[in-house]
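Trainee: Below is the structure I would like to discuss, written out as structure tokens.
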Amino acid sequence: MPVNITWSKDGRVIRSGDDGVDISKAGQRVSTLTIEPVSERHRGAYKCTASNRAGAESQSARLDVLGRTGPGAGVT
């Protein structure tokens, strides 16, 4: 402890409030990224990285937007 949590999209660090993205933290070790409303511009590779003096660990996921964009749109 403490753990520093950062989010990136396509290799660029993103922050809460960037382009419809909300990043919330629950305590020291939990962070959630929410996109609303989702649209085609949100397509990309997202990565969450947690780091401290002991090291770093990352998890990645790709977001694709299918069909319509906005409320009710299909996402994977």
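Trainee: For region 25-58, give me each residue that is under 19 Å from MET1 (Cβ atoms) and of a type in the set (S, T, N, Q).
Mentor: Answer for region 25-58, where residues must be under 19 Å from MET1 (Cβ atoms) and of a type in the set (S, T, N, Q): GLN28, SER31, THR49, SER51, ASN52, SER58.
Trainee: Which of the residues spanning region 23-51 are within 18 Å of ASP64 (Cα to Cα) and touching a strand residue (DSSP E or B) at 6+ places or on another chain (Cβ under 6 Å)? If you could, list the steps in order and put the result at the bottom.
Mentor: First pass over region 23-51, keeping only residues within 18 Å of ASP64 (Cα to Cα): 33-48.
Within region 23-51, LEU33, THR34, ILE35, VAL38, GLU40, HIS42, ARG43, GLY44, ALA45, TYR46, LYS47, CYS48 meet the criteria.
Trainee: Which one is modelled with the highest pLDDT, of the residues in region 52-76 that are part of a loop (DSSP other than H, G, I, E, B) and in contact with a strand residue (DSSP E or B) (Cβ under 8 Å, 6 or more places away or on another chain)?
Mentor: Here the answer is ASP64.
Trainee: Taking only pairs six or more apart or across chains, which ones have beta-carbon atoms under 9 Å, a first residue in region 4-28 that is surrounded by 11 or more Cβ atoms within 10 Å (Cβ to Cβ), and a second residue that is part of a loop (DSSP other than H, G, I, E, B) and of a type in the set (Asp, Glu)?
Mentor: Correct list of pairs: GLY20/GLU36; VAL21/GLU36; ASP22/GLU36.
The values are calculated or read from the model by the stated rules, or taken from the named source; none is laboratory data. Predicted model only: the values in this text are computed from it and were never measured. Positions of Cβ are generated from backbone atoms using ideal geometry, with glycine treated the same way; all protein chains shown enter the neighbour counts.
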